[in-house]
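To keep things clear, I will list the structure first and then write my remarks on it.
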């Protein structure tokens, strides 16, 4: 396989997944309920989700371009 064992690829993929998980934790759990209002949590969650998708897309594109 191409660069799947590359630490940069693994780290980038891990960070993309962590951003997506953080988006759902922020938006849909009561963990941040006392810190932020619901619209703020949804907004921050949406930003984290979009950024996680963007990072995943960049890693995927880099993976496809190097092969």
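Determine if segment 29-38 includes at least one residue that is surrounded by 14 or more Cβ atoms within 10 Å (Cβ to Cβ), in a helix (DSSP H, G or I) and touching a helix residue (DSSP H, G or I) at 6+ places or on another chain (Cβ under 7 Å).
No, there is no match, as no residue in segment 29-38 is surrounded by 14 or more Cβ atoms within 10 Å (Cβ to Cβ), in a helix (DSSP H, G or I) and touching a helix residue (DSSP H, G or I) at 6+ places or on another chain (Cβ under 7 Å).
For segment 4-14, indicate whether the set of residues that are in contact (Cβ under 8 Å) with a residue 40 or more places away in the chain, surrounded by 12 or more Cβ atoms within 10 Å (Cβ to Cβ), over 12 Å from the mean Cα position of the chain (by Cα) and assigned to a helix (DSSP H, G or I) is non-empty.
yes
Select, from 44, 20, 59, the only residue that is touching a residue at least 12 places away in the same chain (Cβ under 8 Å), within 9 Å of the chain's Cα centre (by Cα) and either surrounded by 13 or more Cβ atoms within 10 Å (Cβ to Cβ) or not in a helix (DSSP H, G or I) (or both).
20
Read-outs: derived from the displayed coordinates by stated rules, not from any lab. Source: prediction; values computed, not measured. Cβ atoms come from the backbone with ideal geometry, glycine included; neighbour counts cover every protein chain shown.
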